[in-house]
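Comments concern the structure below.
The values are calculated or read from the model by the stated rules, or taken from the named source; none is laboratory data. From a predicted model like this one, the values you see are computed outputs, not experimental measurements. Cβ placement follows ideal geometry from the backbone for every residue including glycine, while neighbour counts extend to all protein chains displayed. Keep in mind that these areas ignore ligands, DNA and RNA; they rest on the heavy atoms of the full protein, side chains included. Shrake-Rupley method; radii C 1.70, N 1.55, O 1.52, S 1.80 Å.
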Amino acid sequence: MKKIYKLLPLLIMAVSVISCVKYEKDIDLDLTLVKQSQLTARIRSQIGDAPNGWLLMIPNPDPSIKTAIPIILKFDTVKNTFTSRSMFPSSTVATPPVYELSSATGAPLLSFASGSTFSAIYESGFIQDFYFKIMDVTPDSITMQPYRKGEIYASEGGTVMKMYKLKSPVTWFDTQYPLLALFSASNSPFVISATNPLKLTYKDGYQAPAWNMEFSGVGAGNTSFFKANIGISRDVGLNPIALYSNSDYNNYAFYYVSGTAMVTAVIKGWSPPGPFSLEPMKFINAIKTDYLLVRSISPDYTKIELFALNRYGQEVITGTLEVEQ
């Protein structure tokens, strides 16, 4: 029995040595780097093999919002550049910006150059980062996650999003509509009318409250201020207008339009908070989306057909904004 007790420490030491050796073999760095390199090469080949491009859907971090923002991407894997199309004017640039695909962080990392549409909409709060960890890859989709949660000091891991390989061309951003003139020109039917009801239908049966929209321009001086100071106008390129909801002239929101969309943005840190953050948030919470894409405008400019998409690229909201005559 004494001999057994004397052997126990030796046996424990032997087991420890064996365990350490096995653990070191499991994290063979050379093998790991090879696997990372192979996966990165496969992703690079895949993103380049998409004649119609990829549809990236950017969901809102707020789970009550039913929609996600669409961006169409095409990658040139020879030049390491990409082109993008979206509701944001900044997504259409003359010189294609650069992207980088690497595995320096342990997982493949897709990053977009400063000055691209990604850095612009990150600055404006529509996206949580412009560095994305690749989490999953299939022949038709790539699952990504922003490296951060939106603020430079926030913890890692933003809202998970997917990029879908487009099987046919998408035409959402082909036509540029005169939305700025429709919502700011003094002779526009939408500005003349005090009753412009927004009527939306939701695929999941949600019933939005009745909402009436009145519009006006914000003036040359205010427009210049927005273009110089407010990221959504300065970086993303959206045009500001004034939105009065349900004939409440005491409370109004700054609203934004491009050639393809109507956009609500919550901009924090500006005073008074009402038109910059409180009223926009009230509107978003009511209609459960922060944008509406334009499908068409009637020839007499009195009716706008609208829609919005969910994180899978499916239409989940359709509706109209119409001058009540």
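Report yes if residue 282 is in a loop (DSSP other than H, G, I, E, B) and among the basic types (Lys, Arg), otherwise no.
In short, no.
Quick one: would you say residue 311 is among the basic types (Lys, Arg) and within 17 Å of the chain's Cα centre (by Cα)?
Criteria met by residue 311.
Which residue is surrounded by the fewest Cβ atoms within 10 Å (Cβ to Cβ), if the candidates are limited to segment 263-275 and must be out of contact with any helix residue (DSSP H, G or I) (no Cβ under 7 Å at 6 or more places or on another chain) and under 16 Å from residue 239 (Cβ atoms)?
275
Tell me yes or no: at least one residue of segment 270-292 is of a type in the set (D, E, K, R) and more than 20 Å from residue 67 (Cα to Cα).
No, there is no match, as no residue in segment 270-292 is of a type in the set (D, E, K, R) and more than 20 Å from residue 67 (Cα to Cα).
Of (1) modelled with pLDDT under 95; (2) open to solvent by less than 10 Å² (accessible area, probe 1.4 Å), residue 292 satisfies all except one. Which?
With respect to (1) modelled with pLDDT under 95; (2) open to solvent by less than 10 Å² (accessible area, probe 1.4 Å), residue 292 is out only on (1).
The rows are residues; the columns are (1) in a loop (DSSP other than H, G, I, E, B); (2) out of contact with any helix residue (DSSP H, G or I) (no Cβ under 6 Å at 6 or more places or on another chain); (3) touching a residue at least 24 places away in the same chain (Cβ under 8 Å); (4) under 25 Å from residue 163 (Cβ atoms).
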position: 224; (1), (2), (3), (4): no, yes, no, no
position: 228; (1), (2), (3), (4): no, yes, no, no
position: 255; (1), (2), (3), (4): no, yes, yes, no
position: 292; (1), (2), (3), (4): no, yes, yes, yes
position: 296; (1), (2), (3), (4): no, yes, no, no
position: 307; (1), (2), (3), (4): no, yes, no, yes
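Looking only at residues that are open to solvent by 40 Å² or more (accessible area, probe 1.4 Å) and in a loop (DSSP other than H, G, I, E, B) in segment 45-61, which one is modelled with the lowest pLDDT?
If we take residues in segment 45-61 being open to solvent by 40 Å² or more (accessible area, probe 1.4 Å) and in a loop (DSSP other than H, G, I, E, B), then 61 is modelled with the lowest pLDDT.
Do any residues in segment 169-193 that are open to solvent by 60 Å² or more (accessible area, probe 1.4 Å) have Cβ atoms under 9 Å from those of residues that are assigned to a helix (DSSP H, G or I), where the two are at least six apart or on different chains, and which pairs are they?
Sorted first by the residue in segment 169-193, then by its partner, the pairs are 186/192.
Go through (1) modelled with pLDDT of 95 or more; (2) of a type outside the set (A, V, I, L, M); (3) within 13 Å of residue 211 (Cβ to Cβ) one by one and return the number of the condition residue 248 breaks.
(1)
For every residue, the table says whether it meets (1) of a type in the set (S, T, N, Q); (2) modelled with pLDDT of 75 or more; (3) in contact with a strand residue (DSSP E or B) (Cβ under 6 Å, 6 or more places away or on another chain).
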| residue | (1), (2), (3) |
| --- | --- |
| 120 | no, yes, no |
| 124 | yes, no, no |
| 129 | no, no, yes |
| 135 | no, yes, yes |
| 173 | no, yes, yes |
| 176 | yes, yes, no |
| 187 | yes, yes, no |
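Could you check segment 234-251 and list, in sequence order, the residues that are open to solvent by less than 60 Å² (accessible area, probe 1.4 Å) and not hydroxyl-bearing (Ser, Thr, Tyr)?
235, 236, 237, 238, 239, 240, 241, 242, 243, 248
Return yes when residue 285 is farther than 26 Å from residue 189 by Cβ and in contact (Cβ under 8 Å) with a residue 40 or more places away in the chain and no when it is not.
yes
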